[in-house]
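Notes to accompany the following structure.
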Amino acid sequence: MAPFKQENQSAVSVFLVVGLSDVAGPHIFLFLLFLCIYLITLGGNLVILSVISYDRRLRTPMYFFLANLSVIDIIFSSVTVPKLLFILVTAQRSMSFHGCVTQLSFFQFFVVAECYLLAVMAYDRYVAICFPLNYCLIMSQSLRCRLVVVCWACGLVNSLVQAFSISHLDFCGPNVVDHFFCDVTPLFKLSCSDTRVSETIFLLVVAVAGMGPLTFILVTYGHIILAITRITSSHGRYKTFSTCASHFTVVALYYGSGIFSYIWPTSTYAMNKDVKVVAVLYTVMTPMLNPIIYSLRNREVKQALKNAVGRRK
């Protein structure tokens, strides 16, 4: 996926990924903890995919987007967690230059694809609440597919841009990536090239691909809240807002931690433990929590799960 520089002048061919701790040696407790989180992530999202495929009542636009979110979360967590587990259990932190850029490109692919997919899901809730009579007509199958393709395409474009930008930098040493995976910001700090152009590109991507969808989500929810306030019945207001409560919770978790990781630490700051902890939230914890949040707060998903378990029994 990553377009590498043909004549790489970098002296560094191998990076050392620090991981979550500066202390050398295996960390069995952390390994078992993140292994459990990873298995729950895979299991939870696979259950969501199975339930949506199994129950015909869930074959609606909202669950179509939720199924795509589960697919993204499975791959998104698989980009970083397996390597982290390997580092924790073996204490072998080396990663080739090409391997590092490849991990970075896949990470940037799915982090942006999820941003746009969350914006699409917000639009879906907006149409369902503000235009309920025309919901099925507006959110047609062709439109759903086009929106999802756009989300994945935006992720691919971002991935290629970031990989191209990083692979054309020179790395003369040191080679220690002070993070638990290869990402753009820590690699900027290791480059001996002039990174101003690359950093400008990165900030533009953060503004367009990160803050753009967030702004759209906030504006959309403004219209949703305005529409809900016009409902006379308090029960009706609660029932209507509950249909988008899960999505709002996921957006808050994802963007809250993501903004702290990408906006707060500029290139002049050193990557510290606080940023690593917050990065764990949106790269590891959020993909695990998404299926749990949607399962606990959604009656249709819970009922479909009960029906599936009951039929198996």
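Restricted to the range 135-189, and to residues that are of a type in the set (D, E, K, R) and not in a helix (DSSP H, G or I), which residue is surrounded by the fewest Cβ atoms within 10 Å (Cβ to Cβ)?
Taking the range 135-189 and keeping what is of a type in the set (D, E, K, R), we get 144, 146, 170, 178, 183, 189.
So of that shortlist, the ones also not in a helix (DSSP H, G or I) come out as 170, 178, 183.
On the way: Asp170: 14, Asp178: 20, Asp183: 24.
Out of the qualifying residues, it is Asp170.
Results for (1) at pLDDT 85 or above; (2) surrounded by 12 or more Cβ atoms within 10 Å (Cβ to Cβ); (3) among the polar types (S, T, N, Q), shown as yes or no for each residue.
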position	(1), (2), (3)
Ser191	yes, yes, yes
Ile201	yes, yes, no
Gly212	yes, yes, no
Ile217	yes, yes, no
Gly222	yes, no, no
Ala227	yes, yes, no
Thr232	no, no, yes
His235	no, no, no
Phe248	yes, yes, no
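Looking at (1) surrounded by fewer than 18 Cβ atoms within 10 Å (Cβ to Cβ); (2) in a helix (DSSP H, G or I); (3) modelled with pLDDT under 80, which one does Leu281 not meet, given that it meets all the others?
Of everything listed in (1) surrounded by fewer than 18 Cβ atoms within 10 Å (Cβ to Cβ); (2) in a helix (DSSP H, G or I); (3) modelled with pLDDT under 80, Leu281 misses just condition (3).
Among Thr90, Thr60, which is out of contact with any Phe, Trp or Tyr (no Cβ under 6 Å at 6 or more places or on another chain) and free of Cβ contacts under 8 Å to residues at least 40 places away in the same chain?
On the way: Thr90 fails: free of Cβ contacts under 8 Å to residues at least 40 places away in the same chain.
Testing whether each residue is out of contact with any Phe, Trp or Tyr (no Cβ under 6 Å at 6 or more places or on another chain) and free of Cβ contacts under 8 Å to residues at least 40 places away in the same chain leaves just Thr60.
I'd like the residue in the range 56-107 that is in contact with a Leu (Cβ under 9 Å, 6 or more places away or on another chain) and not in a helix (DSSP H, G or I) and, out of all such residues, is surrounded by the most Cβ atoms within 10 Å (Cβ to Cβ).
Filtering the range 56-107 for residues that are in contact with a Leu (Cβ under 9 Å, 6 or more places away or on another chain) and not in a helix (DSSP H, G or I), the one surrounded by the most Cβ atoms within 10 Å (Cβ to Cβ) comes out as Met95.
Looking at Val111, Val101, can you tell me which residue is over 17 Å from the mean Cα position of the chain (by Cα), under 25 Å from Phe202 (Cβ atoms) and either modelled with pLDDT of 90 or more or acidic (Asp, Glu) (or both)?
Val101
All but one of (1) in a helix (DSSP H, G or I); (2) modelled with pLDDT under 90; (3) surrounded by 13 or more Cβ atoms within 10 Å (Cβ to Cβ) hold for Ala207; which doesn't?
Looking at each condition in turn, Ala207 falls short on (3).
Would you please name the residue that is surrounded by the most Cβ atoms within 10 Å (Cβ to Cβ), looking only at residues in the range 31-55 that are of a type in the set (A, V, I, L, M, F, W, C), under 30 Å from Tyr135 (Cα atoms) and in contact with a helix residue (DSSP H, G or I) (Cβ under 7 Å, 6 or more places away or on another chain)?
Out of the qualifying residues, it is Ile48.
Is there any pair with a first residue in the range 240-252 that is touching a residue at least 24 places away in the same chain (Cβ under 8 Å) and under 19 Å from Thr60 (Cβ atoms) and a second that is of a type in the set (Ser, Thr, Tyr) and in a helix (DSSP H, G or I) whose Cβ atoms are under 6 Å apart and which are 6 or more apart or on different chains, and what are they?
If the second residue must be of a type in the set (Ser, Thr, Tyr) and in a helix (DSSP H, G or I), the pairs left are Ser246/Tyr294.
Working carefully through the options Val275, Val301, find the one that is within 16 Å of Asp73 (Cβ to Cβ) and either at pLDDT below 80 or among the acidic types (Asp, Glu) (or both).
Only one candidate passes the filter, namely Val301.
When the range 209-230 is examined, which residues are found to be hydrophobic (A, V, I, L, M, F, W, C) and in contact (Cβ under 8 Å) with a residue 60 or more places away in the chain?
Keep residues of the range 209-230 that are hydrophobic (A, V, I, L, M, F, W, C), which gives 209, 211, 214, 216-219, 224-228.
Listed by number, the residues that qualify are Ala209, Leu214, Phe216, Ile217, Ile224, Ala227, Ile228.
Where the second residue is among the small types (Gly, Ala, Ser) and the first is closer than 29 Å to Thr229 by Cα and lies in the range 129-151, which pairs have Cβ atoms under 7 Å and are six or more apart or on separate chains?
Listed by first residue and then by second, the contacts come to Ile129/Ala227; Cys130/Ala227; Tyr135/Ala128.
The values are calculated or read from the model by the stated rules, or taken from the named source; none is laboratory data. Here the structure is a predicted model, which means the values were calculated and not measured. So basically every Cβ, Gly included, is an ideal-geometry build from the backbone, and we count neighbours across all protein chains shown.
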